[in-house]
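Computed from the coordinates by the stated procedures, all read-outs in this text should not be read as laboratory data. Keep in mind it's a predicted model, so treat the numbers as computed, not measured. Here the Cβ positions follow ideal geometry from the backbone for every residue, glycine too, while neighbour counts run over all protein chains shown.
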Amino acid sequence: MRPATNWHNAIAHIDADGFYAGCEAVRHPELKGRPICVLSNQNAFVVAKSYDAKALGITTAMSVWDAKRLAPNAAFLSPDFRYYGQISGKMFSILRRYSPDIEVYSIDEGFMDMNGIRSLWHKGYRQIADEIRECVKREVGITVSIGISNTKTLAKIASESNKPDGTTVIPGKRIERFLADIPVQAVPGIGYKRASMLGKFRIRTAGDLAAADEGLIRRLMGKHGLALWYELNGQPVQRVEVNPPNPKSVARTSSMGEVTSVRTTIAAYLARHVMRLISDLVARRLLARRIGVFLTYKSFETTGMEIRLDHPTNSLKRISKAVMLALDRLYQEGVLYRGSGVIATHISQSETATEDLFGLMHEDLRQEKLMLTVNEINQKHGNHMITSAMASTAKKNPGRPPRFQYPVHTAG
Ligand SMILES: [Mg+2]
C-alpha cells in the first residue's frame, strides 16, 4: 500500500532536544561547556542529561554517585517543573503562531496539523520547520527537532532520526526509502519484546514492517498493530488532538528489563516514572488527587496500593513523597520484582501549567502536611485497581483509536 500523493496529509512532530537539561542551560549560562544532569527528587538518580553528559556514558536512572565518577566536571541540578512548565509554555506559544491545530503531547513535544499551512505562509514545509526551530532557539533558548510527514507515527520517527536541532521532511513518495534504514525498535510502540517477536518473521526494519502482509500484522499485533501499519504506510489513523478530553488516569509503567530485589533499582525506576508522570500532568495542566503505585513480581503477579493526596496536585515533591511511602509499604526484602508503575487518578484541570502562586502559598500554610490515606494494600486488589484504572480510560471512547501513545510499556 502506497499513498497516491506526497502530501494528502501533513503532520509535524516538534520535539525539544534534551529538554530538562536544555532548560537548565538557559538559566545557567555560567554552565556553558559543562555537561548537565538533572536529578530525581531528593537528588538520588539522574533523570535527564545533556548530550555531552550522555556522551560520557551517563544513563538515565544512574545513581548520582556513579554519574559523578564518570563526569566529575558535570553540573548536577535538582528538577524544577514549575520552570520547565514555563519554558514549555513559551515553546508552544511559538508553535501556535504558525497553526492553531497543535496537540500538546508531552511537556516538550507536540504535533502540528500542517494542512493548508504552506499557502497561508507562502512557504514550503522545510522552510516553515526551519523558521520554527530558529524562532524557538532565539526566543526560548532551547533547540528542537522537527519531523514532517503524512502521519503522526512517521513525523515522530522523522524528528527522532535527526537530533538535535534538525528538520526532516518525508513526503509520501519518500517514505519507503526512509523506513528502510530505521530499525523496527525505533518505531513508536515497538518495544524490545515485540521487536524480537517480529524478528522471527524477518521483520527487522520499519520498512519491513510497513511492507509486511496486512493479515500477518493483524495476527501478530492485533488492532493497534494494524493501526501502526497504516500509519507507517502514510495512511493517517491518529488525528492531531487539539483538545484531548481529560484522561481518567495518567500512567507510567515499565518492566525493569531484569528481575531484581535491589530496593534502590526499584526506587530508581519509580523515580523515573514519577518524573515522566509529572511532566505529563504539567504539560496538559492536570492535577491528580490519587496516586497508585504497583510492583510486578517475578511471577507476573502484582502488588499495589493507592494513596489519596489531601488536595489535587502536580507537585513533584508531594507525588514523590507519596510514591516513596508506597514503596516502603510494598517492598519486601529478598523478593524478586520485574516491573513497576505509577498511576495518577481523579484527574482535574488546573488553571496554570503548575500550581499557581496562591496554591503554593496555601501549600506552605499547610506546613507540608501530607495526609496520605492508604486505600488498598492487597496483592490481588492491587492488580485489580491498576487494571481497572487503565480499562476505564480505554473504555472512554469506544470505537475510536486510543490516544497516540508510545512506547507501549507493560509491567510484564
Ligand atoms: Mg524531547
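One table, with the values for the structure above:
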| item | result |
| --- | --- |
| Cα centroid of region 141-183 to Cα centroid of region 56-81, whole Å | 30 |
| Over 28 Å (Cα to Cα) - which of LYS152/LYS298; LYS49/LYS317; LYS32/LYS163; LYS49/LYS193; LYS193/LYS223; LYS32/LYS90 fall in this group | LYS152/LYS298 |
| Within region 89-125, trypsin sites (Lys or Arg not before Pro) in DSSP loop having at most 15 other beta-carbon neighbours inside 10 Å | LYS123 |
| For region 233-251 versus region 300-350, the gap between their alpha-carbon centres in whole angstrom | 26 |
| Stokes-Einstein diffusion coefficient of region 60-123, Kirkwood radius over Cα pairs, 4 °C, 1.567 mPa s, in µm²/s | 87 |
| Share of pairwise Cα separations in region 154-253, more than 24 Å, in percent | 28 |
| Relative contact order %, region 19-82, counting alpha carbon pairs below 8 Å whose residues are six or more apart | 35 |
| Under 12 Å from the Cα of LYS123 - aspartates and glutamates, other chains or at least 8 residues apart | GLU131 |
| Estimated distance in nm for a label pair at ARG118 and SER63, the labels positioned 7 Å out from Cα along Cα-to-Cβ | 5.5 |
